[in-house]
Amino acid sequence: MNVLSVESSCDETSVSVIKDGTTILSNVVFSQIDIHKAYGGVVPEIASREHIKGITVVFENAMKEASVTASDIDLVAVTKGPGLIGSLLVGINGAKAFAFANGIPIVGVHHIAGHIYANAIEQPLEFPLIALVVSGGHTELVLMKGHYQFEKLGETMDDAVGEAYDKVARTVGLGYPGGPLVDALALNGENTYPMPDLTKQPGYQFSFSGIKSHVINLVHNTKQRNETLNIDNLCASFQEAVTEVLVQKSIKAIEAFDAKMFIVAGGVAANKGLRKKIKKRIKNVKTSIPAFDYCTDNAAMIGVAGYYQYMTNHSVDTMTLNGKSRVSLH
Ligand code: KG4
Ligand code: ZN
């Protein structure tokens, strides 16, 4: 069964072809990051226009690379949300046009389900599992008792962890997206700056706005006093506090639900400090973190999720499928 999938929820235009749910025949990602860098973040209107410019070429390249034609495709999967509405609509309309013209069924896929199912590329998911979802828009712990059963255990009360990374990066004058830059500097630094204790939130809840403000104040106060800031150490201290709470609460959930597997999903899963800490601390359960290319936004993850969604629910969408900037996974 060949799935052609499309992802365009933010600043990556991506199309992928996947065989039988896990064999990636192609995964073409056209990133707009260099265009948005000049503005210090994603500009939604520019993002939509770039998706329009890129979408047909990305479709063609993905099919060429996979050596398939439209008649080889059995299902079309596309990100339905959450994301930037203008960006989503380009991918959705491209996918609907392709599905309609070729008489292929289509399914709309939740973006976070895609990030979660990126973990099914290399090995089958085993249930019950705990998923730590850490992206630019989401931070949550999810319990799955079977395919496509998502139970939210807790989430952030304010900023998502990727968002906090990006804001800290901007405050210390690094570029966009800030997460990978803070991560790189943190690896050279030491945990010397005191940070607020993030583990105090009740249950499986998170909060990152306090630490973000703490870093902003620290940077401004240091400047006012004409002191020098050790940016490597600041990044290392921030990263230590953030990864610590993510790992501690994940362990708590793994133990409470007797999980057979622990998976990490979303752009922040690429964080080297987080990956290292998970490897060191989470040993008694099978653990999966997607390969770097499948951590940040890509269509392959949407294809894998779309495959399992179709296999589990046996339902497809109609041509009324629409994008939604906010949509619940649960
Ligand atoms: O999942 P994603 O590609 O897009 C969303 O669905 O949000 O995640 C993007 C986020 C950005 O905030 C980016 O700074 C962060 O993931 N990110 C990282 C790293 N790589 C990407 N954060 C920390 N360390 C990284 N290595
Ligand atoms: Zn994402």
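Let me confirm something: among A305, A259, which residue is surrounded by 15 or more Cβ atoms within 10 Å (Cβ to Cβ), touching a residue at least 60 places away in the same chain (Cβ under 8 Å) and within 30 Å of N61 (Cα to Cα)?
A305
Listed by first and then second residue, the pairs with beta-carbon distance under 7 Å, at least 6 apart or on different chains, first residue in region 60-72 and over 13 Å from S5 (Cα atoms) and open to solvent by 80 Å² or more (accessible area, probe 1.4 Å), second modelled with pLDDT of 95 or more and aliphatic (A, V, I, L, M), are E65/V28.
Yes/no matrix, rows are residues, columns are (1) surrounded by fewer than 23 Cβ atoms within 10 Å (Cβ to Cβ); (2) away from ligand 2 (no atom under 16 Å from the Cβ):
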{"residue": "V3", "(1), (2)": "no, yes"}
{"residue": "V6", "(1), (2)": "no, no"}
{"residue": "S9", "(1), (2)": "no, no"}
{"residue": "N27", "(1), (2)": "no, no"}
{"residue": "I33", "(1), (2)": "yes, no"}
{"residue": "V43", "(1), (2)": "yes, yes"}
{"residue": "I46", "(1), (2)": "yes, yes"}
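For region 238-245, the criterion of being of a type in the set (G, A, S), open to solvent by less than 70 Å² (accessible area, probe 1.4 Å) and over 22 Å from G137 (Cβ atoms) is met by none of the residues. Scanning region 118-176 for residues that are within 16 Å of ligand 2 (Cβ to nearest atom), open to solvent by 50 Å² or more (accessible area, probe 1.4 Å) and among the charged types (D, E, K, R) gives E155, E163. The single condition from (1) buried (at least 19 other Cβ atoms within 10 Å of the Cβ); (2) modelled with pLDDT of 95 or more that K324 fails is (1). Is at least one residue of region 195-215 in contact with a His (Cβ under 9 Å, 6 or more places away or on another chain) and crowded, with 19+ Cβ neighbours inside 10 Å? Yes: one or more hits.
The values are calculated or read from the model by the stated rules, or taken from the named source; none is laboratory data. Worth saying up front: this structure is predicted, and the values here are computed from it rather than measured. Because the Cβ atoms are built from the backbone with ideal geometry, glycine has one as well, and the counts that use them run over all protein chains shown. When the accessible area is computed, the model is the full protein with side chains, heavy atoms only, and any ligands, DNA or RNA have been set aside. Shrake-Rupley method; radii C 1.70, N 1.55, O 1.52, S 1.80 Å.
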